[in-house]
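Below is one structure, written out as structure tokens; comments come after it.
Every number in this text was worked out from the coordinates using simple rules, so none of it is lab data. It should be emphasised that the depicted structure is a prediction, and the values quoted were computed from it without experimental measurement. Ideal geometry is used to build each Cβ from the backbone, glycine not excepted, and the neighbour counts take in all protein chains shown.
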Amino acid sequence: MVIQIPFGFVSLLLVAEAAKVHQTLIIDTIYPYPTSVKPIISANYSFPGPLIEAYENDTLIIRVINRLLVPSIIHWHGMHQIGTPGMDGAVGITQCAIPPQSKMIYKFKAEPAGTTWYHGHVLEQYTDGLYGPLIIRRRNELNGRHYDSERILMVSDWYNNCAHTHLLRWYLSPHNSNGYEPSPDAIVVNGKFTQSLFIPLSGSSRVRFRIINTAAFSMYTVSIDGLPLHVIELDQTDTLSYTVSSFNISVAQRVSFYISLNEIDLHYTASGGSATSSLFIRFQAVLSMYPVDIVNYIPPYELPRYPYPTFFNPLYLAILSLDSTNAPPTYRASQPTPTLQNTVTPLDTNLLAARPLHHNDDGIPTATHYLSVVIALASDKDGIKRSYLNNVTYSSDANYMHVRPDPTQGITSDEYAPLLHQMAIKPDSLGISPPRIEAGSPLPTIQSDGQGHYLVPYQAVVDLYLSNTDVDSHPFHLHGFNFWIIATSDYPEAEYLYYDNYVQRDVVSVPGSGWAKVRFVANNPGAWLFHCHIEWHMSGGMALAFIVSPQQLLTQGYTIPKNQKNLCQALREFNAENETNN
Ligand SMILES: [Cu+2]
């Protein structure tokens, strides 16, 4: 499926005022491939799920209906949810999971504009297919002059086995004492396997591609043979055109670029003496991410299902058809890519050299608070490799991540009392100290309860220093905010080169054995998850929650809505019934 945007429709809407955009998402399993026995968890019986689009500041009203046999949820990645902290869709943090045969209506402002996605956020359901594109348009798209049509490409890991019942069970077991992440079996783009996705240009010569990494684990290097890529958006931040030959995209990150066919390299069009009418779009999995030699590896949990082993192919090829005939390229994919003129190869995964389109004349606010977060993986007493942030592995009944007894005081991991509700119920007894001066920073340091809950004052400007003791990179995502990426160990000069004009993203790839420094403004009271977006690490406890000002939350009039109490009660009843049945 190539998702094409009807442009006539869009221009008609340009004059409209902020509107209400209604959508229903039914979560249910499907079997999209006759040869695959794996059930895909889908939104609206489609994989990926349907495109949801709106204009900036529209109100999205999305009815999510769970038809699975287990609880489910949808998270609206990158939406700031200002004033709607209960609509983030993070189980145990902002709400209870939606039990089977129940529904929830999400209502929130489409903000900020840009390329993003929605996805499952419990029981590793997005790894099994529960995701789709979410595009928030600006009424005045300044970069819009560069292109006349656009395509959305969602690149993802494909696993032959079910994520929660099979892969996670193995991942967090003593049988996997090395902590090897489950190995993806293939790459899919828009739900299609390699060399089966055709993208006809349909007469368009200047095309914007919105690339969304919806993988559970993999990072990819993206390029198009013979064409420079002009990057114009990182996550939901517009950038000045930044021309590269290829770029990396880590899990949950988004990159938009445009291409212009008049820049095509003649080495390709003249290939084999006859003009090729199509080009390969390449998604090359970054092999250093994998704990094993993945192209020659059969995981121990793999069932001998086929008469011959199938190995992971790290190079995905989509076919960009210039004349819309969908004929394959006349050159071989193995042919070396000619060096493109006037392009660069970025130094870092986060593309910090891309400059924001909108320069804020006031600069970036000065930090008022500090928090250092040490990322680690280590074996517990049972020989299970778990993930730790500041020596704490996140434990939550609600997220099926129960690894230690519930604390008797302060914040509990009660499955029926998400953090947001606890903030409203006991704002003064959450058991977390206010910030205080500590060694390591002249700024007051954000404190936690020792259980991964960090109390942040309203309007604090927080410098997060992420220090990675693991050899692999980790893509960290912050709910409810974006952050300025000040620098990383892959590009430390960025702090000085781009002083006061850092780029904002909502996922930062923290380099292996390195660090990243980011800054955010805690202007949105609520409970916000901060976690590695690699599904296996997240479920292994690589998460923490920012508790942003319970007092301000109440001052702004937050009370736990009745329908949210009902949802928690419905989950309680579902669980009770299930326990009786088992
Ligand atoms: Cu990670």
_Packing-based ranking, highest mean first, of 358-367, 525-534, 77-86 given that Cβ atoms within 10 Å are counted_ = 525-534, 77-86, 358-367
*At a temperature of 25 °C and a viscosity of 0.890 mPa s, determine how fast the range 172-302 diffuses translationally according to Stokes-Einstein, using the Kirkwood radius over alpha-carbon pairs as Rh; express D in µm²/s, rounded to the nearest whole number.*
145
*Per the helix-only calculation at 222 nm, which mean residue ellipticity applies to the chain, given -39500 (n - 2.57) for every DSSP H run of n ≥ 4 and division by its residues, nearest 500 deg cm²/dmol?*
-2500 deg cm²/dmol
*Given the peptides 42-48, 256-262, arrange them by the average over their residues of other C-beta atoms within 10 Å, most packed first.*
42-48, 256-262
*Tell me, rounded to the nearest percent, the portion of alpha carbon pairs in the range 369-565 spaced more than 26 Å apart.*
32
*Using a 4.7 Å Cβ cut-off, which Cys residues in the chain lack a partner cysteine?*
Cys162, Cys532
*Go ahead and run the numbers for FRET between Asn326 and Asn563, Cβ-Cβ distance against an R0 of 35 Å, rounding to 0.05.*
0.15
*asked:* Run the reach check for Lys38 against aspartates and glutamates, Cα to Cα strictly under 15 Å, same-chain hits fewer than 8 apart removed. What comes back?
replied: Asp28, Glu124, Asp128, Asp157, Asp185, Glu302
*asked:* Based on Cα coordinates alone, diagonalise the gyration tensor for the range 1-140, multiply each eigenvalue by 5, take square roots, and list the semi-axes in whole Å, largest first.
replied: 26, 19, 11
*For the range 1-140, give the magnitude of the charge dipole about the Cα centre (Cβ charges: +1 Lys/Arg, -1 Asp/Glu; no others), in debye to the nearest 20.*
200
*Can you give the Kirkwood hydrodynamic radius for the range 141-239, in Å, rounded to one decimal and based on Cα pairs?*
16.2
*By how many degrees, between 0 and 90 and to the nearest 10, does the Cα long axis of helix 562-581 differ from the longest principal axis of the chain?*
90
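Computed from the mean reciprocal separation of all distinct C-alpha pairs, what Kirkwood hydrodynamic radius does the chain have, in Å? Intermediate values should be presented prior to the final figure.
On the way: mean 1/r = 0.0409 Å⁻¹.
The Cα-based Kirkwood calculation yields 24.5 Å.
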*In whole Å, what is the distance between the alpha-carbon centres of the range 109-154 and the range 524-573?*
23
*asked:* On a 19 Å Cα-Cα criterion, which of the cross-link pairs Lys20/Lys109; Lys20/Lys562; Lys426/Lys565; Lys103/Lys562; Lys20/Lys107 come out too long?
replied: Lys20/Lys562
